[in-house]
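Take a look at the structure below.
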Amino acid sequence: MFIEQPAPYLRWIYPHALWRMNRYDQSIYLTFDDGPIPEVTPWVLEILESYGVKATFFMVGDNVRKHPAEFQLVKDAGHRLGNHTFHHIGGFRHGVSSYLRDVDEANKLIGSDLFRPPHGWMKTGQYRRVRKAGYRIVMWDLVTRDYSKHLNGRDILLNVRRYARPGSIITFHDSLKSQDKLLYALPRAIAWLQSQGYQFKTL
């Protein structure tokens, strides 16, 4: 649970970030990080369409540059876009100015006021500058850990069933590392959430 759901101290470090939506609303907010990727993103879109679900995609700028067709597919399907830096950089390895330049470089292609830091971490100075630049920082209430080589698709589905709650912002990854687990877990997770009476909304 320490990994799947953020510890309270993280919410204190980034007090103005969005971690969870209205806890009194029976809604779920699906998000996908690290795309677009030709091998993964199109069939994620197909799954979402088959269930009538809209999501928010936090995209890496360099992937948008390399895969404009997949980027356009996400836009055309009516999903919400978010910024995940241009090079998927970790905040602790970069200064404030270089970090913000990477964010802004990505946004020239993505065009969104939503931002999620790679790995869910950034320095407090970067956090303040990103907010000051007009971005709304979005974290998560549940990260499925579909990127982990130590988990399989059933584990990912179990994480959703165990930790999802009203207002949860749930993070998946449309990436090669997550591909096999996502293919198993995503449709089953959506079907289970719908069976529990959840509606799906975008940020």
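Values quoted throughout were computed directly from the atomic coordinates according to the rules given, and no laboratory measurement underlies them. Here the structure is a predicted model, which is why all the values come from computation and not from measurement. So basically every Cβ, Gly included, is an ideal-geometry build from the backbone, and we count neighbours across all protein chains shown.
Things worth noting here:
- Translational diffusion coefficient (Stokes-Einstein; Kirkwood radius from C-alpha pairs) of the chain at 10 °C, 1.306 mPa s, in µm²/s: 94 µm²/s
- Every helix of 4 or more DSSP H residues in the chain counts as -39500 (n - 2.57), and over all residues that averages to -12500 deg cm²/dmol at 222 nm.
- Karplus-derived 3J(HN,Hα), 6.51/-1.76/1.60, for each residue of the range 20-33, Hz, glycine and proline x: 8, 8, 4, 6, 9, 10, 6, 10, 10, 10, 7, 10, 10, 10
- The GluC sites (Glu not before Pro) found in the range 1-73 that occupy coil by DSSP, while having at most 14 further C-beta atoms within 10 Å, are E39.
- C-alpha center-to-center spacing [the range 63-88, the range 102-127] in angstrom: 14 Å
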